[in-house]
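Enquirer: I am attaching a structure below and will ask some questions about it afterwards.
Each reported figure results from applying straightforward, stated rules to the coordinates on display, with no laboratory input. Note that the structure is predicted; figures quoted are calculated from it, not measured. Glycine also receives a Cβ, built like all others from the backbone with ideal geometry; neighbour counts cover every protein chain displayed.
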Amino acid sequence: MAAGFADPAWVPQKITVVAWSWIGEEQVDWRICGPMGLFGNPTLRKVMLRPLLAAIREADMLTGHNILRFDLPVLNAEAMRLGLRPIGKVLVQDTMRVRKSLGFKKGQDNLSVRYKTPGEKLSLSWQQWQDAYDTPGWPLIIERCVTDVQDHKNIRAAMLHEGHLKDPIIWRG
């Protein structure tokens, strides 16, 4: 999750929370940098990103929603800013990459409803995002990220079952 994510005109500069999970497991791992790490202490952002980057290097394939155009480039930029090794070549399956179609809405919220998956990611308005960042410990921000990962895994499974996803591709960071 990047600061400013709720505002599409704002280009994210700092990652605030990361969350990930392994296919076949219920647990979602997450880390936050906290407000002191957002702009004032890059060490806290490094501590947040290291476990995620290690998990990415361990994975056979990454999956995510819009991971190719958003998550991976933002993550690499943050890793480079912090002096961490960026992600290189990795196999990725993105739930935005569907079979050729016209009028098939690919937003994660829409896909969750389309495939009737259990649960859904927590939806926050702009003001709710602002209030959540002002709450100590950022519990709502964490919940949003965890539910996003869980929702993605359910959508991906349903899309694979119906044959709607394109094959994984190699992303070269």
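Enquirer: Which longest run of the chain has no exposed loop site in it, a site being GluC sites (Glu not before Pro) in a DSSP loop with at most 13 other beta carbons within 10 Å, and the site itself not part of the run? Walk me through the numbers on the way to the answer.
Expert: Numbers: sites that count: E25, E26.
For GluC sites (Glu not before Pro) (loop position, at most 13 other Cβ atoms within 10 Å), the longest site-free span of the chain is 27-173.
Enquirer: Grab the DSSP H runs of the chain that are 4 residues or longer, score each as -39,500 (n - 2.57), total them, divide by all residues and round the 222 nm result to the nearest 500 deg cm²/dmol.
Expert: On the way: 6 runs with 70 residues, N = 173.
The helix contribution divided over the chain gives -12500 deg cm²/dmol.
Enquirer: Describe numerically, in nm with one decimal, the distance between label points set 7 Å from Cα along Cα→Cβ at M61 and at Q128.
Expert: 3.2 nm
Enquirer: Then there's this: Trypsin sites (Lys or Arg not before Pro), restricted to region 114-173: which are DSSP loop and have at most 11 other Cβ atoms within 10 Å? Intermediate results must be reported in sequence, preceding the final value.
Expert: Details: sites: R114, K116, K121, R144, K153, R156, K166, R172; in loops: K116, K121, K166.
For trypsin sites (Lys or Arg not before Pro) across region 114-173 that sit outside H, G, I, E and B with at most 11 neighbouring Cβ atoms in 10 Å, the list reads K116.
Enquirer: Could you give the dipole magnitude of the chain about its Cα centre, charging the beta-carbon of Lys and Arg +1 and that of Asp and Glu -1, in debye to the nearest 20?
Expert: Taking the Cα centre of the chain as origin, the dipole is about 700 debye.
Enquirer: Once the cut-off is 26 Å, how many percent of the Cα-Cα pairs in region 22-173 end up in the long-distance tail?
Expert: Values: 3487 of 11476 pairs.
Within region 22-173, distances greater than 26 Å cover 30 percent of Cα pairs.
Enquirer: Helix 139-162: angle to the longest alpha-carbon principal axis of the chain, degrees 0 to 90, nearest 10?
Expert: It is inclined by approximately 20 degrees.
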